[in-house]
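A.B. asks: Questions regarding the structure given below will be posed in turn.
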Amino acid sequence: MDTAAHSPLETIAAHTKSDNGIRTLLNYIGGAWVDSHGKEFLPVMNPSTGQQIGKVPLSTAQDVNDAVRAAADAFDGWSRTPIKERVQIFYRFKTLMEKHFDSLAALVNEENGKIMGEAEAEIAKAIEVTEFACSMPQLTSGEIQEVSKGVECRIDRHPLGVVASITPFNFPNMVPNWTIPNALVLGNTMILKPSQLVPLSSIRIAELLKEAGLPDGVFNVVHGAQETVEALCDHPVIQAITFVGSTKVAKIVYARATSHHKRALCLGGAKNHLIVLPDANEEMSATNIAASMSGCAGQRCMAASAMVGVGPVDHIVDRLCEEAKKIVPGKNLGSVISKEAKERIERYITEAEEQGAQVLVDGRNAVVEGKEGGYYVGPTVLDYVRPDMRIAQEEVFGPVLSIMRTETLDEAIDIENSNPYGNAAAVFTQSGGMARYVIERASAGMIGVNIGVPVPREPFSFGGWNESKFGACDITGKSSIEFFTKQKKTTIKWNPEARTNWMS
Ligand code: NAD
């Protein structure tokens with residue numbers, strides 16, 4: 001492992017242009033670092049200090065077209081390279097991520113504002129996904145069967161072609177790596193459009209892939225925002241789009257990409273409910289729920305956003321508040337992504353208070369000494385939130401837990417099921433029967449039992465239900481094989497004496 005460079009920005013300096021000390025980012029197309037044709041730029045901020053650390057171009061349809069051409073040119077050679085050779089590059093990529101673990105985490109910390117421990121966990125997960133991709137040769141060997149005397153059917157998997165991956169701000173390294181290793185090992189070539197708020201990690205990913213030996217053009221990075229994404233959705237050569245971000249944009253991207261007959265998988269936002277029963281282990285529930293609502297400053301699509309307490313759970317709420325008070329901005333709690341995000345989150349809290357919610361722990365107006373310009377919101381626990389309040393219905397995406405109370409488990413399940421999202425849900429209880437009852441009825445793709453952030457580990461696939469995901473398949477794990485490949489079915493008869501039947 002390396003030690004973090006003096007400034008994480010030094011690790012990407014070679015592939016940015018310095019403009020009065022501010023780094024201007026370049027696109028990565030066909031193995032070369034190139035200027036965007038776009039004339040507009042957005043600032044890249046360090047959210048924990050509020051200082052500008054870079055400038056990202058808003059790339060145009062021409063930039064997208066250049067990247068598509070490079071990816072299409074690389075496709076033939078890459079897709080014809082045997083998978084056992086393709087995977088060797090990803091063994092090396094994994095080793096390089098391990099070697100540069102500290103500086104990769106420092107870069108995430110710099111551009112996203114999450115604390116170092118969380119940034120390290122993000123890199124560890126990116127490594128785990130790469131490790132899974134390295135098992136693709138074992139997972140994707142074809143199927144073959146003699147279907148009638150002397151006649152065989154076989155199925156081979158083929159890559160789709162050029163695919164695009166559009167990613168959000170909250171995991172600058174991990175979410176791009178949800179798709180890069182799997183899609184590329186399976187023989188596709190890719191254009192990554194990272195979030196314009198956190199575009200730095202993608203530069204380092206491109207550098208490490210090149211160092212690992214990935215042929216030029218197989219992986220490309222085009223920076224930008226809405227216009228860039230629209231050009232990706234519209235480009236006739238791109239075969240498939242994956243998107244991770246808010247539900248509002250997931251719906252737009254899904255509709256636009258599929259209207260051009262592309263395969264699309266668009267993961268959206270979340271409103272995850274944790275149902276807490278009175279028999280739940282007090283310490284395990286309180287620590288798990290506090291960590292779930294505040295980890296990554298609540299900016300996780302798997303974060304606990306709502307807790308539904310069934311019956312007498314005051315002892316757990318009290319303990320939960322004690323745990324929440326141990327979470328201190330700037331120490332074990334990172335910043336939120338922007339000034340606008342901080343203001344939006346604080347507005348939700350104030351509105352809920354005005355509507356009658358009790359503020360048990362108040363994270364508004366948090367200031368971190370020495371980082372006064374940072375965008376911090378402290379952990380916030382609101383009790384007696386009603387299901388009809390805005391804070392109970394919408395994704396807040398901050399370290400805020402809304403507690404609702406019910407008399408029965410069925411009422412709690414009704415509250416969970418009536419929210420439009422369906423990423424995660426969890427139940428805290430010591431009763432196997434009660435847990436099973438919730439597992440069967442909760443309308444969500446990922447369920448936790450006494451676990452606040454029930455992210456499936458590889459090889460299990462990541463993906464929600466309802467308005468948290470549009471399109472078939474999940475984005476990681478075995479399900480991603482289905483998304484990133486198409487099957488060819490071949491029926492073969494060599495022997496003229498093979499039995500003739502209705503299909504031959
Ligand atoms: P976002 O939807 O604002 O942006 C995501 C991507 O879409 C970015 O690359 C952005 O440039 C692009 N984009 C933004 N507006 C666009 C538009 N009008 N047309 C086309 N493209 C557009 O999301 P965000 O704020 O970066 O990320 C936070 C959201 O992502 C939260 O809702 C969170 O729940 C969700 N998320 C979901 C998952 C999941 O697995 N379901 C994982 C991580 C984050």
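A.B. asks: Determine the calculated [θ] at 222 nm for the chain from helices alone, applying -39500 (n - 2.57) to every DSSP H run no shorter than 4 residues and normalising by the residue count; nearest 500 deg cm²/dmol. Can you show the working numbers first?
C.D. replies: Values: 16 runs with 191 residues, N = 504.
After summing the helix terms and dividing by the residues of the chain, the value is -11500 deg cm²/dmol.
A.B. asks: Moving on. Using Cα atoms only, what is the angle between the long axis of helix 61-80 and the major principal axis of the chain, expressed in degrees (0 to 90) to the nearest 10?
C.D. replies: 60
A.B. asks: Would you work out if segment 338-382 is rounded, prolate or oblate? Take a ≥ b ≥ c from the square roots of the eigenvalues of the alpha-carbon gyration tensor; rounded if a/c is under 1.5, else prolate when a/b is larger than b/c, oblate otherwise.
C.D. replies: oblate
A.B. asks: Using the basic label-point model (7 angstrom from Cα toward the beta carbon), what is the Gln52 to Asn365 distance in nanometres?
C.D. replies: Those two pseudo-labels are separated by 3.1 nm.
A.B. asks: Could I ask something else about it? Gain in length, Val449 to Cys153, computed as 0.36 nm per residue apart minus the alpha-carbon separation, to one decimal in nm? The partial results should precede the final answer.
C.D. replies: Values: separation 296, 0.36 × 296 = 106.56 nm, distance 4.28 nm.
Full-extension gain reported as 102.3 nm.
A.B. asks: Looking at segment 92-135, I'd like the Rg to Rh ratio, where Rg is from alpha-carbon atoms and Rh is Kirkwood's inverse mean 1/r.
C.D. replies: Working: Rg = 10.5 Å, Rh = 10.5 Å.
Rg/Rh: 1.01.
A.B. asks: At 0.36 nm per residue, minus the direct Cα-Cα distance, what do Arg436 and Glu98 gain on full extension? Give it in nm, one decimal, please.
C.D. replies: 117.8 nm
A.B. asks: When you count, for each residue, the other Cβ atoms within 10 Å and take the mean per peptide, how do 13-25, 337-349 rank with the highest first?
C.D. replies: Working: 13-25: 13.8, 337-349: 18.2.
Ranking, from highest mean packing down: 337-349, 13-25.
A.B. asks: How long are the semi-axes of the equivalent ellipsoid of segment 44-137, taking √(5λ) for every eigenvalue λ of the Cα gyration tensor, in whole Å from largest down? Each step should come with its number before you reach the end.
C.D. replies: Numbers: eigenvalues 176, 110, 14 Å².
Output for segment 44-137: semi-axes of 30, 23, 8 Å.
A.B. asks: Note the angle between two axes, namely the Cα long axis of helix 247-259 and the longest principal axis of the Cα atoms of the chain, as a number of degrees from 0 to 90, rounded to the nearest 10.
C.D. replies: It works out to around 20 degrees.
A.B. asks: For segment 309-450, what is the convex hull (Cα atoms) projected area averaged across all directions, in square nanometres?
C.D. replies: Values: hull surface 35.6 nm².
Convex hull of Cα atoms, orientation-averaged projection: 8.9 nm².
A.B. asks: When the Cα centres of segment 308-380 and segment 125-141 are compared, how far apart do they sit, in Å?
C.D. replies: So the separation of the two Cα centres works out to 38 Å.
A.B. asks: Here is a further query. How large is the Kirkwood hydrodynamic radius of segment 1-98, counting all unique pairs of alpha carbons, in Å?
C.D. replies: Values: mean 1/r = 0.0617 Å⁻¹.
Radius from the Kirkwood sum: 16.2 Å.
A.B. asks: Sticking with this one: Kirkwood hydrodynamic radius, segment 358-404, all distinct C-alpha pairs: what's the number in Å?
C.D. replies: Values: mean 1/r = 0.0855 Å⁻¹.
After inverting the mean inverse Cα-Cα distance, the result is 11.7 Å.
A.B. asks: Could you give the spread of the C-alpha atoms of the chain along their three principal axes, from largest to smallest, in whole angstroms?
C.D. replies: 78, 66, 42
A.B. asks: While we're on this one: For each of Tyr375, Tyr384, Tyr437, count neighbouring Cβ atoms within 10 Å of the residue's Cβ, then give the residues from fewest to most. Display every interim value, and only then the final one.
C.D. replies: Working: Tyr375 27, Tyr384 14, Tyr437 17.
Ascending Cβ contact count within 10 Å gives the list Tyr384, Tyr437, Tyr375.
A.B. asks: Sticking with this one: Shape verdict for segment 408-504, please, from the Cα gyration tensor: rounded (a/c under 1.5), prolate (a/b greater than b/c) or oblate. Provide the component values of the computation, followed by the final result.
C.D. replies: Working: a/c = 3.12, a/b = 2.72, b/c = 1.14.
Because a/c hits 1.5 or more and a/b exceeds b/c, segment 408-504 counts as prolate.
A.B. asks: When a/c is below 1.5 the answer is rounded, else prolate if a/b is larger than b/c, else oblate, so apply that to segment 196-274 with a ≥ b ≥ c taken from the square roots of the Cα gyration tensor eigenvalues. Walk me through the numbers before you get to the answer.
C.D. replies: Values: a/c = 2.09, a/b = 1.33, b/c = 1.57.
Oblate, because a/c is 1.5 or more while a/b does not exceed b/c.
A.B. asks: Work out how much length Glu372 to Glu131 would gain on full extension: take 0.36 nm times their residue separation and subtract the Cα-Cα distance, in nm to one decimal. Walk me through the intermediate numbers first.
C.D. replies: Working: separation 241, 0.36 × 241 = 86.76 nm, distance 4.00 nm.
Computed gain between Glu372 and Glu131 is 82.8 nm.
A.B. asks: Relative to the longest principal axis of the chain, what angle (0 to 90°, nearest 10) does the C-alpha long axis of helix 409-418 take?
C.D. replies: Once rounded, one gets 60 degrees.
A.B. asks: Let me ask something else about it. In percent, what relative contact order does the chain have, based on Cα pairs under 8 Å that are 6 or more apart in sequence?
C.D. replies: Working: 1179 pairs, mean separation 86.0, N = 504.
Computed value for the chain: 17 percent relative contact order.
A.B. asks: Evaluate 2.2 N^0.38 Å with N set to the residue count of segment 376-428, then give the Cα radius of gyration divided by it. Let's see the in-between values first.
C.D. replies: On the way: Rg = 11.7 Å, N = 53, 2.2 N^0.38 = 9.9 Å.
Working it through for segment 376-428, the quotient is 1.17.
A.B. asks: Towards the positive end of the charge dipole of the chain, with charges on Cβ (+1 Lys, Arg; -1 Asp, Glu), say which of Ile180, Gly245, Asn288 has the farthest Cα.
C.D. replies: Ile180
A.B. asks: From the backbone phi of segment 183-199, what are the Karplus-calculated ³J(HN,Hα) couplings (6.51 cos²θ - 1.76 cosθ + 1.60, θ = phi - 60°) in whole Hz, Gly and Pro given as x?
C.D. replies: Values, residue by residue: 5, 6, 4, 6, x, 7, 10, 9, 10, 9, 10, x, 4, 5, 7, 9, x Hz.
A.B. asks: Whole angstrom only: what separates the Cα centroid of segment 454-475 from the Cα centroid of segment 189-235?
C.D. replies: Comparing the Cα centres of segment 454-475 and segment 189-235, I get a distance of 22 Å.
A.B. asks: I'd like to know which of Thr429, Thr60, Gly217 lies farthest towards the positive end of the charge dipole of the chain, counting +1 on Cβ of Lys and Arg and -1 on Cβ of Asp and Glu.
C.D. replies: Positive-end residue among those listed: Gly217.
A.B. asks: Could you tell me the center-to-center distance, by alpha carbons, between segment 397-437 and segment 1-78 in angstrom?
C.D. replies: 42
A.B. asks: His15 label point, 7 Å along Cα→Cβ, cut-off 14 Å on backbone N: hits in segment 67-93?
C.D. replies: Output list for this probe position: 93.
A.B. asks: What is the Cα radius of gyration of segment 121-192 over 2.2 N^0.38 Å, N being its residue count?
C.D. replies: Taking N as the residue count of segment 121-192, the ratio is 1.47.
A.B. asks: Using 15 Å as the cut-off for backbone N distance, which residues of segment 114-138 belong to the label zone defined by a point 7 Å from the Cα of Thr81 along Cα→Cβ?
C.D. replies: Residues passing the 15 Å test: 134, 137.
Any read-out appearing in this document is the output of simple, stated calculations on the displayed coordinates, not a laboratory observation. Remember, it's a predicted structure, so these values are computed and weren't measured experimentally. Heads up, the Cβs are rebuilt from the backbone with ideal geometry, glycines too, and the neighbour counts pull from every protein chain shown.
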